[in-house]
């Protein structure tokens, strides 16, 4: 993953990047999609995750906005490309 490109996606809240990675904020312990409308973190406090399983494995938790707007987040790792897909189905 090119972190410079990933950071630009976070800065621009690019929804097309949502299926490529998640980002976490080390100072708050949360993670979210690049298009998340939350306050932008300082670059030095950001970690990038190439799979939906890697973010919680690092100890991060989903941002509350994800829980409010999406009933269920289903991530499926694609081991051949190290990417994932997020499905936004209602419970």
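The values are calculated or read from the model by the stated rules, or taken from the named source; none is laboratory data. Being a predicted model, the structure only gives us computed values, none of them experimental. Backbone-built Cβ (ideal geometry, glycine too); neighbour counts: all protein chains shown.
Scanning the stretch 26-50 for residues that are in a strand (DSSP E or B) and buried (at least 20 other Cβ atoms within 10 Å of the Cβ) yields 30, 31, 32, 48, 49.
Among residues that are part of a helix (DSSP H, G or I), surrounded by 15 or more Cβ atoms within 10 Å (Cβ to Cβ) and either modelled with pLDDT under 90 or out of contact with any strand residue (DSSP E or B) (no Cβ under 6 Å at 6 or more places or on another chain) (or both), residue 16 is not included.
Would you check if there is a residue in the stretch 61-83 being part of a loop (DSSP other than H, G, I, E, B) and at pLDDT 50 or above? Checked the stretch 61-83: at least one residue is part of a loop (DSSP other than H, G, I, E, B) and at pLDDT 50 or above.
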